[in-house]
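Below you'll find the structure, written out as structure tokens, and then a few comments.
The values are calculated or read from the model by the stated rules, or taken from the named source; none is laboratory data. Source: prediction; values computed, not measured. Cβ coordinates were reconstructed from backbone atoms using ideal geometry, including for glycine residues, and neighbour counts include every protein chain displayed. These accessible areas exclude ligands, DNA and RNA; they are computed on the full protein's heavy atoms, side chains included. Shrake-Rupley method; radii C 1.70, N 1.55, O 1.52, S 1.80 Å.
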Amino acid sequence: MPLPVVAIIGRPNVGKSTLVNRLAGVQEAIVYDKPGVTRDRTYKPAFWADRDYLVVDTGGLIFDDDTEFLPHIREQALAALADAQAAIMVVDGQEGPTESDREIAQWLRQHSVPVLLAVNKCESPDEGLVQAAQFWELGLGEPYAVSGIHGNGTGDLLDQLLTHLPPNEEIDEPEEVRVAIVGRPNVGKSSLLNAFVGENRAIVSPVSGTTRDAIDMLVERDEQRYRLIDTAGIRKKKNVNYGPEFFGINRAFKAIRRADVVLLVIDAIDGVTEQDQKLAGRIEEDGRACVVVVNKWDTIDKDSHTIYEYDRTLGNKLYFMDWAKRIYTSALTGQRVPKILDLVDQAVAEHRRRVTTAVVNEVLEEAASWHTPPTTRQGRQGRIYYGTQVTARPPTFALFVNDPKLFGEGYRRYVEKQFRQNLGFEGSPIRLLWRGKKMRELDRQSANRATKV
Ligand code: GDP
Ligand code: GDP
């Protein structure tokens, strides 16, 4: 089951957004636009005791005008309620029940979703409970006297809410894809980030990772969830006056380390710089999947050959990650921006892919028969006994050979090329581990394995 959603519903000015902020803590509000929804809908992560949930603020959604709320409710609040596990109806305790409150309550009672009634603005110790008691008439059960501003009463409300939320163990989100967007200043990282957020359902995740201020953002597309790593870092540097050489490379390195896949953003005008190469080198070393995004493509004067020539030069400068796909985008016009996540999906699938030992050995045999392993002057020849994939992320293969020293750089590169040609893994680095093994040891190992089975 996915993370449960709690919908906050009520007429304007009762304190819905204040209450949401209280429940979610001080998270930055992230909104998303969806066709047909007149205003933004905001999802924020929250938790109480041992349970996590998302709180969706329907604030501003439902009513533009009190007198017109019924048609709006049916259209908009239904959407908000559709995937909610529970709803909190908020009313104004200082004002007392209104006609709108009654209509909303009546409407909510017709739905199967459990509803809690939060009577807000009840911070007065003398009057709070009396103010709340007026709302029994709504027929939604016990009115909880709360104050969104001061925080009173919210604990009792949340204890009650918990009874409607699944325990965390039952929450099983599809595995998220962790994406780092890195690149020099001004290449368009925040513009791309905004484009992702604009197109997809987005929420801010709780503070996570190593640094306290590394705020990640979650973006959802077709059921797949992407964690955009350290979005605070992408935005923050704007206010900081760094020297020309410094671009927060350590922060970028940290983001790379936490990522499954890295979007290496390059400025089309400048091409690949030394700093870009440094980032690319780190991505390869850390074994992360990568998509090279050449942004500001709109600024380049083009004829029909431009992209080929440009791509060749770029490929030469990034020769050590020739496995990464390159895409030419404009965050300004939106050109190919939606395609970036398609490439991310492909790269991640390859990064996680496993192939069987039989297939690995077919590739090895084929490679050895085209090009036999080298022989030393003394006549010792390299022999590859067998290979197997030992892990993924990135795909890593152990090749058991008689003596790794017999396999020089040239032959190793050749074998790696054969792996690429036959097995693909586009978008992901791969690793070949050359391991020395005496044939006798191998025999003993396979004998052991056989007796265990
Ligand atoms: P929304 O339109 O329902 O989202 O309401 P808001 O959260 O924007 O709040 C509307 C007004 O009520 C604001 O002026 C808030 O400051 C005020 N308000 C919100 N919560 C409380 C509260 O607990 N006590 C008091 N006295 N005022 C509150
Ligand atoms: P960041 O520092 O990498 O986050 O870069 P920004 O997203 O802040 O972009 C830096 C500048 O480049 C801003 O003025 C953007 O409007 C501009 N920019 C970003 N993407 C593009 C693009 O695709 N084409 C053009 N022409 N300008 C862009």
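Name the residue, out of PRO394, PRO373, that is in contact (Cβ under 8 Å) with a residue 60 or more places away in the chain, surrounded by 13 or more Cβ atoms within 10 Å (Cβ to Cβ) and outside any strand (DSSP E or B).
On the way: PRO373 fails: in contact (Cβ under 8 Å) with a residue 60 or more places away in the chain.
So the residue among PRO394, PRO373 that is in contact (Cβ under 8 Å) with a residue 60 or more places away in the chain, surrounded by 13 or more Cβ atoms within 10 Å (Cβ to Cβ) and outside any strand (DSSP E or B) is PRO394.
Would you mind stating whether GLY334 is open to solvent by less than 70 Å² (accessible area, probe 1.4 Å), outside the structural domain of GLY387 (by TED's automatic domain parsing) and free of Cβ contacts under 8 Å to residues at least 60 places away in the same chain?
No.
Spot the failing condition for HIS150; the list is (1) part of a helix (DSSP H, G or I); (2) within 16 Å of ligand 1 (Cβ to nearest atom), and only one is missed.
Of (1) part of a helix (DSSP H, G or I); (2) within 16 Å of ligand 1 (Cβ to nearest atom), only one is false for HIS150: (1).
Out of all the residues in segment 337-350, which are small (Gly, Ala, Ser) and without any contact (Cβ under 8 Å) to a residue 12 or more places away in the chain?
ALA349
Here are some conditions: (1) surrounded by 14 or more Cβ atoms within 10 Å (Cβ to Cβ); (2) assigned by TED's automatic domain parsing to the domain that holds GLN277. TYR385 meets all but one. Which one does it not meet?
The failed condition is (2).
Pick out the one residue from LEU23, LEU78, LEU3 that is modelled with pLDDT of 85 or more and either more than 14 Å from ligand 1 (Cβ to nearest atom) or of a type outside the set (Asp, Glu) (or both).
LEU23
Just one of GLN110, GLN106, GLN94 is within 24 Å of TYR53 (Cβ to Cβ) and open to solvent by 60 Å² or more (accessible area, probe 1.4 Å); which is it?
Result of the check over GLN110, GLN106, GLN94: GLN110.
Within segment 29-48, does at least one residue satisfy the condition of being more than 16 Å from ligand 1 (Cβ to nearest atom), in a strand (DSSP E or B) and modelled with pLDDT under 50?
Yes, segment 29-48 has at least one match.
Would you call LYS296 touching a Ser or Thr at 6+ places or on another chain (Cβ under 8 Å), outside the structural domain of PRO395 (by TED's automatic domain parsing) and charged (D, E, K, R)?
Judged against the criteria, LYS296 is a match.
With the condition being buried (at least 22 other Cβ atoms within 10 Å of the Cβ) and at pLDDT 90 or above, I'd like the helices (runs of 4 or more DSSP H) fully within segment 158-262 carrying at least 2 qualifying residues.
Details: elements: 189-199, 231-236, 249-258.
Filter on segment 158-262 gives 189-199, 249-258.
Those residues that are in contact with a strand residue (DSSP E or B) (Cβ under 9 Å, 6 or more places away or on another chain) and away from ligand 2 (no atom under 16 Å from the Cβ), I need them from segment 283-313; list them, please.
ILE283, GLU284, ASP286, GLY287, ARG288, ALA289, CYS290, ASP311
Quick one: how many residues across segment 109-133 are assigned to a helix (DSSP H, G or I) and within 16 Å of ligand 1 (Cβ to nearest atom)?
Qualifying residue count for the region: 5.
Please state which one of ASP301, ASP270, ASP322, ASP342 is loosely packed, with under 15 Cβ neighbours inside 10 Å and within 21 Å of the chain's Cα centre (by Cα).
Within the list ASP301, ASP270, ASP322, ASP342, the selection yields ASP342.
Taking the criterion of being of a type in the set (A, V, I, L, M, F, W, C), in contact (Cβ under 8 Å) with a residue 60 or more places away in the chain and open to solvent by 80 Å² or more (accessible area, probe 1.4 Å), would at least one residue in segment 130-150 satisfy it?
yes
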